[in-house]
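The next block holds one structure in the form of structure tokens; read it before the comments.
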Amino acid sequence: MSELLHNPEKLLKARMELLQTIGKDKQVKESDVSRLPYLQAVVKETFRLHPAVPFLLPRRVEGDTDIAGFTVPKNTQVLVNAWAIGRDPNTWENPNSFVPERFLGLDMGVKGQNFELIPFGAGRRICPGLPLAIRMVHLMLASLIHSYDWKLEDGVTPENMNMEESFGLSLQKAQPLQALPVRV
């Protein structure tokens, strides 16, 4: 929601998709999500920039491994930095910008099959809550956008919103979003 309020043109685009696909007076249903490609792109872009867990579960190297001229010895414990992967300039154009359109027409999911986008991890250690998270995030975001206009607290504009993050076991905004829902 923070990225959409920070980028009001993206919020408007998502709202227009919802109005055109679902209509004004209907409630968003889980079955509607598959018909909302821009909303899906917004969620993927948000997961790319702000994975819930910046470092995935530690892994142990099974054998001596050479990577880019460096040897990683057997039994070394390594961490995968999902946050850095999502902002890698070798993979993503304008990596620090919120650009949901980059995912339109791109067959890239968040289930670990594309190592450029792994907010839930991959392989045997993928997040077991992934199916529920995917369903709930899309449905909740669509419902919040479709049911309400949003107003930032007094004195805050999209341009001066604090988008800094606080790192820890999970990633969160350093300063919580304070926005008021206004019934549409």
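Every read-out reported here was derived from the displayed coordinates using simple, explicitly stated rules and does not represent laboratory data. In this text, all values refer to a predicted model and were calculated from it rather than measured experimentally. FYI the Cβ positions are ideal-geometry reconstructions off the backbone, even for glycines, and counts take in every protein chain you see.
Computed values, structure above
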| quantity | calculated |
| --- | --- |
| 0 to 90° range, to nearest 10: angle between helix 37-49 axis and the chain longest Cα axis | 50 |
| The stretch 113-159: equivalent-ellipsoid semi-axes (sqrt of 5 x gyration tensor eigenvalues, Cα, Å) | 32, 15, 8 |
| From the C-alpha gyration tensor of the chain, square roots of 5λ in Å | 33, 19, 15 |
| Listed residues PRO131, PRO73, PRO158, most fluctuating in the chain (Gaussian network, C-alpha, under 10 Å) | PRO73 |
| Inter-part distance where the stretch 89-125 and the stretch 21-56 are each reduced to a Cα centre, Å | 14 |
| Unit charges on C-beta of K, R, D, E only; dipole of the stretch 64-166, Debye | 620 |
| Within the stretch 80-184, GluC sites (Glu not before Pro) in DSSP loop having at most 12 other beta-carbon neighbours inside 10 Å | GLU93, GLU116, GLU153, GLU164 |
| Relative contact order (percent, whole number), the chain, Cα cutoff 8 Å, 6+ residue spacing | 26 |
| Rg to Rh, two decimals, where the stretch 24-89 supplies the alpha carbon set and Rh follows Kirkwood | 1.24 |
| Angle between the chain longest axis and helix 130-147 axis [Cα atoms, degrees, rounded to 10] | 20 |
| Shape parameters for the stretch 67-167, alpha-carbon atoms, Rg then Dmax in Å | 17.8, 55 |
| GNM top mover of ARG35, ARG15, ARG60 - the chain, alpha-carbon springs below 10 Å | ARG60 |
| Within a Gaussian network of the chain (alpha carbon springs, distance under 10 Å), most fluctuating of VAL42, VAL156, VAL72 | VAL72 |
| Gyration tensor (alpha-carbon) shape descriptor, the stretch 140-184, a/c threshold 1.5 | oblate |
